[in-house]
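J.: Below are the structure tokens for one structure; questions will follow.
The values are calculated or read from the model by the stated rules, or taken from the named source; none is laboratory data. Values in this document were obtained by computation on a predicted structure and should not be read as measured data. Cβ coordinates were reconstructed from backbone atoms using ideal geometry, including for glycine residues, and neighbour counts include every protein chain displayed.
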Amino acid sequence: MKKLSLGKILALCWIFRIVGFAVFLGGFIFLEYKLPLVCFLTVGLGIAILIAGVCFELSYYCCPHCGTWIGLSNLPYGYCRCCGKELDVKPEDSEE
């Protein structure tokens with residue numbers, strides 16, 4: 001199995017966030033149709049997707065050199081805040 005690049009991992013994290021938030025908000029539509037159980041289940045599914053995205057990010061969005069979590073406050077951007085080595089955070093894999 002091929003290891004995912006940091007850019008693809010970051011893209012997957014954002015997909016989890018967007019889909020989870022959309023499902024979460026979409027669940028409230030069922031309240032208009034007086035279906036509270038379906039609303040509760042859909043909102044719960046949205047929250048579960050958001051939590052899965054956070055767990056995925058905490059598990060896999062790590063520096064390939066030292067193994068520390070990169071996080072959102074990665075300044076200057078493109079460098080690990082722990083070891084200082086450059087990170088390749090491009091979403092596409094270049095075959096150069």
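J.: Which one is modelled with the lowest pLDDT, of the residues in the stretch 1-60 that are of a type in the set (A, V, I, L, M, F, W, C) and either touching a strand residue (DSSP E or B) at 6+ places or on another chain (Cβ under 7 Å) or in a loop (DSSP other than H, G, I, E, B) (or both)?
T.: Here is the first cut: in the stretch 1-60, the ones of a type in the set (A, V, I, L, M, F, W, C) are 1, 4, 6, 9-16, 18-19, 21-25, 28-31, 35, 37-41, 43, 45, 47-52, 54-56, 58.
With the extra rule that they be either touching a strand residue (DSSP E or B) at 6+ places or on another chain (Cβ under 7 Å) or in a loop (DSSP other than H, G, I, E, B) (or both), the set shrinks to 1, 4, 28, 35, 58.
Details: Met1: 46, Leu4: 81, Phe28: 88, Leu35: 88, Leu58: 87.
Ranking the candidates gives Met1 first.
J.: Can you tell me which residue within the stretch 5-58, out of those that are touching a helix residue (DSSP H, G or I) at 6+ places or on another chain (Cβ under 7 Å) and under 25 Å from Glu86 (Cβ atoms), is surrounded by the fewest Cβ atoms within 10 Å (Cβ to Cβ)?
T.: Phe56
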